[in-house]
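Note sheet for the following structure.
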Amino acid sequence: MRTDNFQAPDYYNLDELLTDEHKIVRDAARKWVKRQVSPIIEDAAQKAELPKSIISGLAEIGAFGPYIPEEYGGAGLDQISYGLIMQEIERGDSGIRSTASVQSSLVMYPIFKYGTKEQRKKYLPKLASGEFIGCFGLTEPDHGSNPGGMTTNFKDKGDHYLLNGAKMWISNAPFADLAIVWAKDENNRIHGLIVERGMEGFSTPETHNKWSLRASATGELIFDNVKVPKENLLPNKSGLGAPLGCLDSARYGIAWGAIGAAMDCYDTALRYAKERIQFDKPIAATQLQQKKLAEMITEITKAQLMAWRLGVLRNENKATSAQISMAKRNNVEMAINIAREARQVLGGMGITGEYSIMRHMMNLESVITYEGTHDIHLLITGMDITGIPAFQ
């Protein structure tokens, strides 16, 4: 088991921008990652297994729906606290953060925002405690960046809906207790449905042979004439804007989470560069290695400032979808570039499981693609500043 000696970089004294509550929440998550994730994560990634033992711990640190009000089992925290929790979890592993952010932003968020009071009371407390795990069904085999083209559909059969279709690349699917599924009604209008495990015709085959997010469970959602009770429809928002609203919350969490992965790679590279002796001196004494390290901490600092400012805007309900896209795109690109540079600092040792860098690098290849690809987020910014969509 690897000893976790991580020390978080804070080059611009950003802690001074945080409240005492923010720091308490962050430090609790950081301690939990050091104690419960770091010692087991390399082995879990090698075995391509989600360590189920971490689920109760994620609940304990408030990682499931941290901004959900306490009356529904959440911690009632603000958006910066949510971001800091995601940062610390992804510092441990992007796959573990995926498990938490899907639960929070893609399952609990739509039930809270778009669901009935009865649905909130029924599902949210069990999701917050980790008793239930959920997943989010939007992406389809033929509709990724164009979710509005989905073919999954449901028909009104009087006393129930009949759901047919398929979703893929779904985090948590293989073991989820419920899925928030986005499907078209008979008028081609998109709605969210709560589909529970055990409903006849609903299956969740697992996706194997992944080189990325190996410590996260990924699968498909298959709906073959699934009878869904009418009370399982999320009634308070429909259309493509409903799932995109969930993605805004998740992308915001990713913008913070990617910083955690970058911080871990930087801290590993800095520590190694100081200790690795070549030509009778530590490699940290060479200009080329200092250039890499100086650029890493500069980019991390810029990303930290962007995420913090976005968190303030989210708290004030002023953040736009385009601003969230910019932060997700920038911070994930920053993290994957730092992972690649950090791997070079470590030379051959950088590819081994003795260090976290190669695992982060592989994970970030998924993070840079899911919940809006790198290019799609660029086009979102382009449309926002020009007023002209260029997606086709």
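A search for C-beta distances below 6 Å between a residue of region 355-371 that is on the phi > 0 side of the Ramachandran plot and any residue that is surrounded by 20 or more Cβ atoms within 10 Å (Cβ to Cβ), counting only pairs 6+ apart in sequence or on different chains, returns Glu371/Leu247; Glu371/Ala250; Glu371/Arg251.
Among the hydroxyl-bearing types (Ser, Thr, Tyr), on the phi < 0 side of the Ramachandran plot and in a helix (DSSP H, G or I): does that describe Thr381?
Criteria met by Thr381.
Being part of a loop (DSSP other than H, G, I, E, B) and out of contact with any Asp or Glu (no Cβ under 8 Å at 6 or more places or on another chain) is a description that does not apply to Asp15.
May I ask you to list the residues in region 327-374 that are farther than 18 Å from Ile89 by Cβ, open to solvent by less than 10 Å² (accessible area, probe 1.4 Å) and in a loop (DSSP other than H, G, I, E, B)? Residue satisfying the conditions is Leu346 alone. Screening region 138-179 for residues that are of a type in the set (Val, Ile, Thr) and not in a strand (DSSP E or B) and picking the one that is surrounded by the fewest Cβ atoms within 10 Å (Cβ to Cβ) gives Thr151.
For (1) within 25 Å of the chain's Cα centre (by Cα); (2) surrounded by fewer than 17 Cβ atoms within 10 Å (Cβ to Cβ); (3) of a type outside the set (D, E, K, R), each residue gets a yes or a no:
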{"site": "Val181", "(1), (2), (3)": "yes, no, yes"}
{"site": "Asn187", "(1), (2), (3)": "no, yes, yes"}
{"site": "Ile190", "(1), (2), (3)": "yes, no, yes"}
{"site": "Leu193", "(1), (2), (3)": "yes, no, yes"}
{"site": "Ser203", "(1), (2), (3)": "yes, yes, yes"}
{"site": "Ala217", "(1), (2), (3)": "yes, no, yes"}
{"site": "Glu220", "(1), (2), (3)": "yes, no, no"}
{"site": "Glu231", "(1), (2), (3)": "no, yes, no"}
{"site": "Asn236", "(1), (2), (3)": "yes, yes, yes"}
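For Met263, the requirement of being open to solvent by less than 50 Å² (accessible area, probe 1.4 Å), modelled with pLDDT of 95 or more and assigned to a helix (DSSP H, G or I) is met.
The values are calculated or read from the model by the stated rules, or taken from the named source; none is laboratory data. All values reported here derive from a predicted model rather than from experimental measurement. Here the Cβ is made from the backbone with ideal geometry for all residues, glycine too, and neighbour counts use every protein chain on show. Remember, those area values only see protein heavy atoms, side chains included, never the ligands or the DNA or RNA. Shrake-Rupley method; radii C 1.70, N 1.55, O 1.52, S 1.80 Å.
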